[in-house]
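Shown next, in structure tokens, is the structure this report addresses.
Values in this text are rule-based calculations from the coordinates and carry no lab data. Computed from a predicted model, the values in this text were never measured in an experiment. So basically every Cβ, Gly included, is an ideal-geometry build from the backbone, and we count neighbours across all protein chains shown.
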Amino acid sequence: MDKSLKSIIDNQINYFSSKKTIDIASRINSLKKLLKEIKASENEIELALYKDLGKSKGESYLTEINFVYTEINIALKNIKKWTKRKAVKSSLINFPSSDYIVPEPYGLTLHISPWNYPFQLSIAPLIGAVAAGNTVVLKPSEYSKNTSLLLEKILSNVFDPGHVVVVNGGVDISTKLLEFKWDYIFFTGSIGVGKIIAKAAANNLTPTTLELGGKNPCIVDETASIEISAKRIVWGKFTNCGQTCIAPDFIVVNKKIKNKFIDALKKQIVKIYGNNVVDNDEYGRIISDKHMNYLVSLLEKENIIHGGKFNFDDKFFEPTLVEINNLESKVMEDEIFGPILPIIEYDDFKEVHDIIKKYSHPLALYIFTKKKEFGRKFLESYPFGGGAINDTVMHIANDRLPFGGVGQSGMGKYHGESTFNTFSHFKPYLNKPLWIDPPLRYPPFKNKINFLKKILKLI
């Protein structure tokens, strides 16, 4: 094992053992310091996100910085309530007793965060981990290097390294970190790497949260409002240049409105980003040459009906619409994670059903319809991480809605109180007096079994 990493882990073990993270006032103070430091670093954060992903100040604030502010403020407002011992109703069989549930931290937590929302997806889980009383080793993505280095600076200004520390580096560092024993692992990224994380965690039976991805269907039926649906889909798909795990991955639209809907999508792309998207300073960029190559490869032999332009020099990739006639098409194999939107027509809902089942357990599922009851029943019919009727992505904005995947799209959840719960073990116990000790539970049972059965039936 790497000696420097071992030193970091040993330092965290000692810090947690000192009980410094347990004090509620200390947790609150740490989160307040974090909030202050982020506010003071807003301009630096925006610049780092621009350098890494071409994000505008507006997009950076709305999708990353403000999201973190909300999470911190929710934790500060509720942490005393969340950490309270909760009394629960006692069982008659234990009478008399007092029964409780106490949230306690797991201990040492490892967070491996992604590059697509590198500030938000690094800090948001960390907030809940700190609020719950854990230590944190954060390994941010090497692809978003400017944000990763800034995270190291911000967090070192706030926390003792025994409490929270950033470890920067590539895949080799992540691999070495996974060799250590952790009390909890939180990972956001691809399905493939998620499987590696799960395998490593299994060696020590370490609980994990895996926030992964998948091909997210977006269904548009014949009753949908064409203009509004197109507007919300374009925004949800092309924000962050399509590099969003819950963005619509493809559209399945009723053949009766397909042509009108495609026209509406084209109009919305032009309306939001202009005729010459490359000059729009509010449209982002692709993270790396490697990802550019992947996206370009997806367009081979495809029927491009809008966009398709790209430039490796500044990692520009135009919002692109592709008409699909064959589900075996390359662009329909895996999650796209970029500004390419395939469009598939359907005639009846059996076709829709077959498509959704082909891409089971997506991270998100969306349906646009004016039939409210049908929309609700449709979403209730399929397993998926989260979703919406007549919107995309925005379910993530409500901290009362837990965020997470199911099946191949992940396990575990977070946001708001759910993050605190994720990083807490809820320990139950009872407190029983000594002044009474009913003999029914003690052997021998021969002469009291019938009476005991009657009593148990009443409980």
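Values computed for the structure shown
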| item | result |
| --- | --- |
| Contour excess over end-to-end distance, with Cα ends at residue 290 and residue 349 and 0.36 nm allotted per residue | 17.5 nm |
| Ranked 244, 223, 419, 109, criterion: other C-beta atoms within 10 Å, fewest first | 223, 244, 419, 109 |
| Correct choice for semi-axes √(5λ) of the Cα gyration tensor in Å that was computed from the model, options [x] 36, 29, 19; [y] 44, 30, 19; [z] 37, 25, 19 | [y] |
| Under Karplus coefficients 6.51, -1.76 and 1.60, residue-wise ³J(HN,Hα) of the range 441-447 in Hz, glycine/proline x | 7, 9, x, x, 9, 3, 9 |
| Global geometry of the range 1-71, whether rounded, prolate or oblate, following the gyration tensor of its Cα atoms and the 1.5 cut on a/c | oblate |
| Nonlocal amide H pairs with residue 306, under 5 Å, H built at 1.01 Å | 321 |
| Paired Rg and Dmax values of the range 19-178, which use every Cα atom, in angstrom | 18.2, 64 |
| Calculated P(r) of the range 217-404 - Cα pairs past 26 Å, % | 26 |
| Likely footprinting exposure, 171, 252, 278, fewest C-beta neighbours within 10 Å first | 171, 278, 252 |
| Rounded tilt (10° steps) of 42-53 against the dominant C-alpha axis of the chain | 60 |
| Note, ³J(HN,Hα) from phi for the range 62-69, Karplus 6.51, -1.76, 1.60, rounded to Hz, x at Gly and Pro | 5, 9, 10, 5, 5, 4, 5, 4 |
| Restraint check, 81/413; 3/427; 377/413; 6/315; 260/290, Cα-Cα greater than 28 Å | 3/427; 6/315; 260/290 |
| Mean Cβ neighbour count within 10 Å, used as a protection proxy, ranking 153-164, 346-357, 112-123 highest first | 112-123, 153-164, 346-357 |
| From phi via Karplus (6.51, -1.76, 1.60), per-residue ³J(HN,Hα) for the range 216-226 in Hz, x at Gly/Pro | 8, x, 10, 9, 10, 8, 5, 8, 4, 6, 4 |
| Label-point separation in nm, residue 70 to residue 4, each point 7 Å along Cα→Cβ | 3.7 |
